[in-house]
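S.K.: Dropping the structure in here first, questions after.
The values are calculated or read from the model by the stated rules, or taken from the named source; none is laboratory data. Note that the structure is predicted; figures quoted are calculated from it, not measured. Heads up, the Cβs are rebuilt from the backbone with ideal geometry, glycines too, and the neighbour counts pull from every protein chain shown.
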Amino acid sequence: MKRALLLALLLLTACHRVEKKDTATEGNGTTTPKPTLKDDGKTLRIFMWSDYIDPEIVKDFETANGVNVVIDTYESNEAMIAKLQGGGASYDLANPSNYVVQTMVRAKLLQPLQKEQLSNFRNLLPGFVNPNFDRGNEYSIPYQFAATGLAYNSARFTPPRASWELIFGQQDTLRFALLDDPREVIGAALKYLGYSVNATKPEELRAARDLLRKTVRKRGFESFAGGPEIRNKLLAGSIDLGQIYVGDLLQGAAENDKLHVFIPREGTTISTDTLVILRGSPNPALARKFMDYVLQPGVSAAISNYTYYGNPNARAQPLLDPFLKDQPAFNPPAGEFASGRIEFINELPRGNPPRLYDRIWTDLKSR
Ligand code: SPD
């Protein structure tokens, strides 16, 4: 696990060039598949984070299996769950982060994935098998992972220090955007205040709420947005700083070496995104086939080499772009995790804490 987590941090200061994307196979935002579409055994519908798969490997799967893959995208776990709970959409696979897998199980949105039928499951790094958020991998396999950082475009602005203070401190001249992601935004404020990203104490959450209220009232606050949108705002120069999932920024840095990302000194969040089979899946057999495909070392490595996200597959590691593993600058002490500077977002204990987080988020979004 340690090695894999360190790999996530390989992504933190990178600048690398790759062939860029053809998004033809991706859906446009949160289009709902027509409910009239029945399982023809030939269509796989995936609901996933945006910019999170190499279109070539999707095409290869289509060709090899004589099927059609439709991918619709979202920018937060909450938006994904709301759409699934709203009904009307029938997807086979979704791509939730670790900390909402059990929420989805309780909401009866998932079906067991029958991992004994996944011949490539054994390829996973041991630290990603049997995770605390899904014992026995009953419902999920790990897909990709990354930390969240602060990004800037050095053609326009270079931060004087690597700190969340640039967003949460006194300054009111920088233009900035925050992720449209409650656990990330509240987590960043908690980290700045010296608390855990999984804080549950009401007084700590009140302090984060007060700080965030002030933050979104600043003249420089531009918007809440998804990772790729924040990357585009930085490229366009409409913001000076953006909170961003590191992989999303590095996809842009591959094309523009003025884009940079750093982990603020106060620390940050990290999470693992997974693949799950939805309870209402019209075609679970095809969904399972796709999961097993993604677990192939070559396919798994191709996804990371395209997305710049961390890779949980042991046999994929030798196939990763050297940039993802060989740069000494990306080899921070393992103590980053031990010290809690970089913290996994976990599911909140049931009861009051999730409600407090929801209230903070609703309050912020209504301002
Ligand atoms: N564009 C891919 C985004 C992946 C985001 N990972 C989820 C982090 C959840 N807080």
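S.K.: If you check R206 against the conditions, is it part of a helix (DSSP H, G or I) and more than 18 Å from T148 (Cβ to Cβ)?
M.R.: For R206, the condition - part of a helix (DSSP H, G or I) and more than 18 Å from T148 (Cβ to Cβ) - is met.
S.K.: Something else about it: Is it the case that some residue within the range 123-143 is in contact with a helix residue (DSSP H, G or I) (Cβ under 7 Å, 6 or more places away or on another chain), part of a helix (DSSP H, G or I) and at pLDDT below 95?
M.R.: Taking every residue of the range 123-143 in turn, at least one turns out to be in contact with a helix residue (DSSP H, G or I) (Cβ under 7 Å, 6 or more places away or on another chain), part of a helix (DSSP H, G or I) and at pLDDT below 95.
S.K.: Next question, about the same structure. Among the residues that make up the range 317-327, is at least one of them at pLDDT 95 or above and outside any helix (DSSP H, G or I)?
M.R.: Within the range 317-327, none of the residues are at pLDDT 95 or above and outside any helix (DSSP H, G or I).
S.K.: Please find, within the range 80-111, the residue that is farthest from the ligand (Cβ to nearest atom) out of those that are without any contact (Cβ under 8 Å) to a residue 60 or more places away in the chain and surrounded by 14 or more Cβ atoms within 10 Å (Cβ to Cβ).
M.R.: In this case the residue turns out to be A89.
S.K.: For the range 165-198, enumerate the residues that are away from the ligand (no atom under 16 Å from the Cβ) and either among the acidic types (D, E) or out of contact with any strand residue (DSSP E or B) (no Cβ under 7 Å at 6 or more places or on another chain) (or both).
M.R.: Hits for the range 165-198 are E165, F168, G169, Q170, Q171, D172, T173, Y192, L193, G194, Y195.
S.K.: Restricting the search to the range 157-195, which residues are part of a loop (DSSP other than H, G, I, E, B) and crowded, with 16+ Cβ neighbours inside 10 Å?
M.R.: Selection gives F157, P159, S163, W164, L174, R175, D180, D181, L193, Y195.
S.K.: Checking L234 against (1) closer than 16 Å to A188 by Cα; (2) modelled with pLDDT of 95 or more; (3) crowded, with 19+ Cβ neighbours inside 10 Å, only one condition comes out false. Which one?
M.R.: (1)
S.K.: Moving on to the next point. Can you find a residue that is within 16 Å of the ligand (Cβ to nearest atom), free of Cβ contacts under 8 Å to residues at least 12 places away in the same chain, farther than 16 Å from P284 by Cβ and loosely packed, with under 15 Cβ neighbours inside 10 Å anywhere in the range 115-125?
M.R.: No, every residue in the range 115-125 fails to be within 16 Å of the ligand (Cβ to nearest atom), free of Cβ contacts under 8 Å to residues at least 12 places away in the same chain, farther than 16 Å from P284 by Cβ and loosely packed, with under 15 Cβ neighbours inside 10 Å.
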